[in-house]
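The values are calculated or read from the model by the stated rules, or taken from the named source; none is laboratory data. Quick caveat, the model's predicted, so the values are computed rather than measured. Because the Cβ atoms are built from the backbone with ideal geometry, glycine has one as well, and the counts that use them run over all protein chains shown. Note: areas computed on protein heavy atoms with side chains; ligands, DNA, RNA excluded. Shrake-Rupley method; radii C 1.70, N 1.55, O 1.52, S 1.80 Å.
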Amino acid sequence: MEIIGVAGIPEVHPGDELGPMVLQAASAQGTPIEDGDVVVVTQKIVSKAEGQLVDLSTVEPSKKALRLAAESGRNPRIVELVLRESRTIVRKGLERGILITETIHGFVCANAGIDTSNVPGHETVSLLPKDSDRSAAAIRRHLCDAIPVTE
């Protein structure tokens, strides 16, 4: 097995189609995707392409979010999003500012998968994709349509 990172994917924006971007970047670096390859795409670029970005200035924190934010030293608007994106809080690591939650998708992760890194501006966060299986299937369809099958 050989693992090859794909470099050269440009900044991803809402509405971008990831399949063509991955194909083009892989080909440009001399490692075109071939039949039988396994392709892994990060959640972050899927979220960005699908517009799963939230401007924190549009979020009004609830009383519960304000209380948890005060206890953990976190931004109350982010805590509010964590609560909105979660079915339940599994564990509170308030001393580290972490809430382990079960997301509305059924995943268990820190802070409902909400991420503040590699997003535009200082007041924007990314949420998990709404339906990661659907997202993966769309990327796979594009890749399969573009890659000739070898027998």
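Would you mind telling me which residue in Gln24, Gln43, Gln52 has the biggest mean-square fluctuation in a Gaussian network model of the chain, where springs connect alpha carbons within a distance under 10 angstrom?
Looking only at Gln24, Gln43, Gln52, the largest GNM fluctuation is found for Gln24.
Report which label in (1) 1.05; (2) 1.14; (3) 1.23 holds the value of Cα Rg over 2.2 N^0.38 Å derived from the coordinates of this structure.
Read-out from the structure maps to (3).
Tell me, what % of the accessible area of the chain is carbon and sulfur with a 1.4 angstrom probe?
Exposed carbon and sulfur together represent 52 percent of the surface.
I want to check the label-to-label distance for His122 and Arg141. Put each point 7 Å from Cα in the C-beta direction and report it in nm to one decimal.
4.2 nm
What's the magnitude of the charge dipole for the chain around its Cα centre, counting Lys and Arg as +1 and Asp and Glu as -1 at the beta-carbon? Answer in Debye, nearest 20. Write down the numbers at each step before the final one.
Details: 16 positive and 21 negative charges, 211 e Å.
Computed charge dipole of the chain: roughly 1020 debye.
If I model a spin label at His13 and Asp35 as a point 7 Å from the Cα along the Cα→Cβ vector, what separation in nanometres do I get?
Here the modelled spin labels are 3.7 nm apart.
What does the accessible area per residue of region 1-101 come to in Å², with a 1.4 Å probe and no ligands, DNA or RNA counted? Provide the component values of the computation, followed by the final result.
Values: 6170 Å² over 101 residues.
Spelled out: the 1.4 Å probe surface of region 1-101, per residue, equals 61 Å².
Just name one of Phe107, His13, Leu94: the one whose Cα is farthest towards the positive end of the charge dipole of the chain (beta-carbon charges, Lys/Arg +1, Asp/Glu -1).
My answer, from the dipole projection, is Leu94.
Provide the gained length on full extension for the span Val149 to Arg96, in nm with one decimal, where the gain is 0.36 nm per separating residue minus the Cα-Cα distance. Before the final figure, lay out each step's value.
Numbers: separation 53, 0.36 × 53 = 19.08 nm, distance 4.90 nm.
Length gained between Val149 and Arg96: 14.2 nm.
Could you tell me how far the Cα centroid of region 116-149 sits from the Cα centroid of region 1-67, in Å?
After rounding, the separation between the Cα centres reads 5 Å.
Taking R0 as 41 Å, what's the FRET efficiency between Ala25 and Ala70 from their Cβ-Cβ distance, rounded to 0.05? Could the numbers behind the result be given before it?
Values: r = 44 Å, r/R0 = 1.07.
Calculated transfer efficiency: 0.40.
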